[in-house]
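Worksheet for the structure shown next.
Derivation of every value follows stated rules applied to the coordinates shown; laboratory data play no part. This is a predicted model, so every value here is computed, not measured. Heads up, the Cβs are rebuilt from the backbone with ideal geometry, glycines too, and the neighbour counts pull from every protein chain shown.
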Protein chains: 4
Amino acid sequence: MAELSRSATEQLTEAGRIFYERGWARGASGNFSVLLARKPLRLCITAAGNEKGTLDETNFLEIDDDAEILQGFGRPSDGTLLHLTIYRLRPRARCILYSQTAAGIVLAEKNFVDGAITLQGFEALKGLSGVKSHEHKERVPIVENSQDQIARSHVIENVLLESKSIHALFVRRHGLFAWGETVEEARRHVEAFEFLFEVASRTTA
Amino acid sequence: MAELSRSATEQLTEAGRIFYERGWARGASGNFSVLLARKPLRLCITAAGNEKGTLDETNFLEIDDDAEILQGFGRPSDGTLLHLTIYRLRPRARCILYSQTAAGIVLAEKNFVDGAITLQGFEALKGLSGVKSHEHKERVPIVENSQDQIARSHVIENVLLESKSIHALFVRRHGLFAWGETVEEARRHVEAFEFLFEVASRTTA
Amino acid sequence: MAELSRSATEQLTEAGRIFYERGWARGASGNFSVLLARKPLRLCITAAGNEKGTLDETNFLEIDDDAEILQGFGRPSDGTLLHLTIYRLRPRARCILYSQTAAGIVLAEKNFVDGAITLQGFEALKGLSGVKSHEHKERVPIVENSQDQIARSHVIENVLLESKSIHALFVRRHGLFAWGETVEEARRHVEAFEFLFEVASRTTA
Amino acid sequence: MAELSRSATEQLTEAGRIFYERGWARGASGNFSVLLARKPLRLCITAAGNEKGTLDETNFLEIDDDAEILQGFGRPSDGTLLHLTIYRLRPRARCILYSQTAAGIVLAEKNFVDGAITLQGFEALKGLSGVKSHEHKERVPIVENSQDQIARSHVIENVLLESKSIHALFVRRHGLFAWGETVEEARRHVEAFEFLFEVASRTTA
């Protein structure tokens, strides 16, 4: 891959290793991506089925807006349309990371009827971009999982259109997709959410 | 040992170290094996009583279909017949790994009357070989533990004959035995199951 | 920075890395400081918004008693007045560390109406400076969080005046601020408290 | 110190580091020892107040049967008489290790009225020296903590005389003292117990 995307793969490989070590990326679920260009839209995204703890350069694909593979080998992940939808509707997002934890899944299950995990009053919320006060109320919409990726991406499109200020969304019994303007920011968002999921799952037990 | 089996011991030593670090192999319980040949059947298996976190070449035995030791020193593990039974009835299995966690033991205890831990609807199920949808229903049969290895291996034989599509089985108050076509695949199966045990043990609490 | 404060940043950087690894400093919450001089009062304190796991020399500020920046770049953390108040009212304190855990937040929530987390009868209490018996009764006052730093520092002033023998205080839904005569002692205090929070949050569940 | 005891300090230093990393030795509670000689009885034991994760040669004392310091500097730990009592009444013990976990403390609290934590039916019990079957019933006597070391050591003497086959004892709201014929065996015993405490504390919740 070109220089820019090599740097992208390095950053995502490091994020994968860290997430794996913390137990946020066990098995091969989920996928990570970085935006390479907006016009025309090009992504660097993890290929399907790889363990996130030991990604290497061959585990990434470069794809365009139609999920066509421009570089790399392998099958695009089941979450590819989800990533494309987020980049289309969040013009400032340049990275999407994924985490999968028992705390998150259990909490989402408890809050599924409400359609969102709601977090308020915690200092850790200030880890989210633009949040200045712990009194901030953050919603993490919960979307039903589906093997029909197109249908699921339409649902996510609606969620993103309705919820302008969210930093992440949760796919039920799957995991958290969080974005940011940089890999570092997306990573900080995952950290803040996973910490608050742990707090909230203990509180509402 | 010969070149092939040395490579097997290296892979199992690494798996042991990783499992130990995650808290899946505390104490000296359980055993790991790799199939060296099918006809005649030969295994490389951990000897009894060694800590899994610091295995070295001397902690493995090469055994045949009758659990006779062909190479190496030490006592065959109490789980040897269990491993042989799995390899006989699962022609594609080439590696069996073991994990022991509080989440697994507690969950199996809760589900013992049902005879199996049932997992369905989770994205992480797609970490299991051949599973394409989160809607997949996976059963992990629970077998009573016994010091009579022959009796226990007959029970396991029946379980394997009845449950064609399982990826692992659980010995009560003992731990998970998962297999795969490679060490890597068996390891991914353990990861997926241990993650789902954590989720399920929190959900059904 | 000068030699003395460089040493301070090194010690705080190491504490940040350790706290991060244990999951006590996820996201960018909280701040760490070391007293550089008493008269006139000068602090080395973490700047706002940095992750605690990877602090470097550029993430610290040297400030005076009025929170004026003497050296370094960046915004003083929201907790700066809290630190200054502690140093003013605790003449022997030379280091303040911060930890943020689910156990602590949940426990403080349960005890908020009592105004303090009370810990008694545990051997681990002897990890606190001056505590000679496990029968010691330790109070950790819980203070409501506020974006109004001046108001919050007045509340903390009262708490410190009323509670002469405390080793730390808890800001609600935020985290623990613990102090000591050295970085090492402050670190040991955080360790003891976080361990006891884990015990107490399991006991009173 | 002499060659023999230097090797003892190295082994205990390593055990301390490992226990610390797993969260079994936070703060400065507890103490570790190795028997240097039986007649006359000489111990290498950790001095009071040191963190177990970063022990070095200066953190150990060599003491005799009267707890007199033969070599090294520092105050003997509050647990010294407890160690001496175990070595006197368990002629094969050559190492005593200590662990302190939330799971253990909470479980002991629940079982305090019974005078012991009872563990039965678990495969992990076979990690204890001499235990051949998971059906084995292991008792871990729970002793009330006391600042009066002499009184406490008399209670422990009675416990050791009454309970011939135990591998460890628990001091209430303090932690587990486990012994073995080698450092490695004592370490395996701690591992087995801490694992089973985690299982039992989840089961009886």
**Request:** State, to one decimal in nm and shortest first, how far the label point of B:R75 sits from each corresponding label point in the other identical copies (label point: 7 angstrom along Cα-to-Cβ).
**Result:** 4.6, 4.6, 6.5
**Request:** Treating the angle as unsigned and between 0 and 90°, give the value, to the nearest 10°, between the Cα long axis of helix C:183-203 and the longest Cα principal axis of chain C.
**Result:** 30
**Prompt:** Relative contact order for chain C using alpha-carbon pairs under 8 Å, separation at least 6, rounded to a whole percent?
**Reply:** 20
**Message:** Positive end of the dipole of segment A:98-153, charges at C-beta (+1 Lys, Arg; -1 Asp, Glu), about the Cα centre: which of A:Q120, A:A102, A:A151 has its Cα farthest in that direction?
**Reply:** A:Q120
**Asked** For segment C:50-113, what D do you get in µm² per second when you plug the Kirkwood radius from alpha-carbon pairs into Stokes-Einstein at 20 °C and 1.002 mPa s?
**Response** 152
**Size-normalised alpha-carbon gyration radius of segment A:1-86, reference 2.2 N^0.38 Å** = 1.00
**Prompt:** Distances from B:D114 to the same residue in each other copy, label points 7 Å out along Cα→Cβ, in nm, shortest first?
**Reply:** 2.7, 2.7, 3.8
**Item:** Lys, Arg +1 and Asp, Glu -1 on Cβ, resulting dipole of the protein assembly as shown about Cα centre, debye, nearest 20
**Value:** 1140
**Asked** Counting every Cα pair in chain D, what percent are over 32 Å apart?
**Response** 10
**Gap separating the Cα centres of segment A:37-66 and segment A:100-167, nearest whole Å** = 24
**Prompt:** Shortest first and in nm to one decimal, what separations exist between A:K164 and its copies in the other chains, measuring from label points 7 Å along the Cα-to-beta-carbon line?
**Reply:** 5.7, 5.7, 8.0
**Degrees between helix B:102-111 axis and first principal axis of chain B (Cα, 0 to 90, nearest 10)** = 60
**Asked** Bin by bin, in steps of 10 Å, what percent of the Cα pairs in segment B:144-205 do you find, going until the bin that has the longest distance?
**Response** 19, 43, 34, 4
**Complete:** With a Förster distance of 51 angstrom and the Cβ-Cβ distance between C:L89 and A:R92, calculated FRET efficiency to the nearest 0.05 equals 0.70
**Request:** Any chance you could list P(r) for the protein assembly as shown, counting all Cα-Cα pairs in 10 angstrom bins from zero, rounded to whole %?
**Result:** 2, 12, 20, 23, 22, 14, 5, 1, 0
**Asked** Going from the alpha-carbon gyration tensor of segment C:111-151, what semi-axes, largest first and in whole Å, does one get by taking the root of 5 times each eigenvalue?
**Response** 27, 12, 6
**Asked** Stretched out fully, how many nm does the piece from B:H154 to B:T54 gain, at 0.36 nm a residue minus the Cα gap?
**Response** 32.8 nm
**Message:** Using the crude model of +1 on Lys and Arg Cβ and -1 on Asp and Glu Cβ, and no other charge, please compute the dipole size for segment B:53-205 relative to its Cα centre, in debye to 20.
**Reply:** 580
**Item:** Sparsely packed GluC sites (Glu not before Pro) within segment D:51-133, loop by DSSP, other Cβ within 10 Å at most 16
**Value:** D:E68
**Item:** Integer Hz, Karplus 6.51/-1.76/1.60 couplings in order for segment B:64-74, x for Gly and Pro
**Value:** 9, 4, 9, 6, 6, 7, 9, 9, x, 10, x
**Request:** Report the charge-dipole magnitude of segment D:10-71 in Debye, nearest 20, computed about the Cα centre from +1 at each Lys and Arg Cβ and -1 at each Asp and Glu Cβ.
**Result:** 300
**Request:** Could you sort out which of B:K110/D:K126; C:K52/C:K126; C:K126/D:K110; C:K39/C:K132 sit more than 25 Å apart by Cα distance in this structure?
**Result:** C:K52/C:K126; C:K39/C:K132
**Tilt relative to chain A, helix A:80-89 - C-alpha long axis, 0 to 90 degrees, to 10** = 70
**Prompt:** Hey, which aspartates and glutamates would be in cross-link range of B:K164, C-alpha to C-alpha under 17 Å, not counting anything within fewer than 8 residues on its own chain?
**Reply:** B:E138, B:E181
**Over chain A: helical MRE at 222 nm, DSSP H runs n ≥ 4 each giving -39500 (n - 2.57), nearest 500** = -12000 deg cm²/dmol
